[in-house]
Amino acid sequence: QVQAVALGGGTVQAGGSLQLSCITSGFATSPMGWFRQPPGKEREYVGAISPRGDSTDYAEFVKGRFTISRDLANDKMYLQMSKLEPEDTAVYYCVSKPAIVKLQPDFDSWGPGAQVTVSS
């Protein structure tokens, strides 16, 4: 089955920035979103963006620091992260229809995630 793929992970110092991208081909008409899974913890919602990219939603812990955008022409979605903290260390995933995913604790259609490591 088709799954969104997150790319661009890496290691950054606390306070730094990093941008992740997501291949959204096949999901042009779907809202998209980001989730993350810190080591040893369950996945958590990060944020979402509407199908046309004109509306976004963010978890409280990333507001003011992360920005979600999408480029429909190039089938890409982005997660621009700034003021990163060690607590942001996690594997980040992008998915379609994040609002639905949030209602499914046992969702198992995750695509490859991107590892983000923030050093203190």
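The values are calculated or read from the model by the stated rules, or taken from the named source; none is laboratory data. All of these numbers come straight from a predicted model, not from anything done at the bench. Don't worry about glycine lacking a Cβ; one is built from the backbone with ideal geometry, like all the others, and counts go over all protein chains shown. With ligands, DNA and RNA removed, areas are computed over all heavy atoms of the protein, side chains included. Shrake-Rupley method; radii C 1.70, N 1.55, O 1.52, S 1.80 Å.
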Summed side-chain charge close to residue 46 - residues other than residue 46 whose Cβ falls under 15 Å, Lys, Arg +1, Asp, Glu -1: +2
Sulfur and carbon atoms: percent of accessible area, the chain [1.4 Å]: 49
Relative contact order of the chain, pairs being alpha-carbon contacts under 8 Å that are 6 or more residues apart, as %: 38
Rounded accessible area of residue 44 (nearest 10 Å², 1.4 Å probe): 60
Theoretical gain in end-to-end length, residue 107 to residue 14 [0.36 nm per residue, Cα-Cα removed]: 30.4 nm
Prolate/oblate/rounded call for the stretch 32-120, Cα gyration tensor, a/c under 1.5 rounded: oblate
For the chain, accessible area per residue (1.4 Å probe, heavy atoms of protein chains only), Å²: 52
Total lysine pairs under 19 Å (Cα atoms) in the chain, excluding pairs fewer than 8 apart on one chain: 4
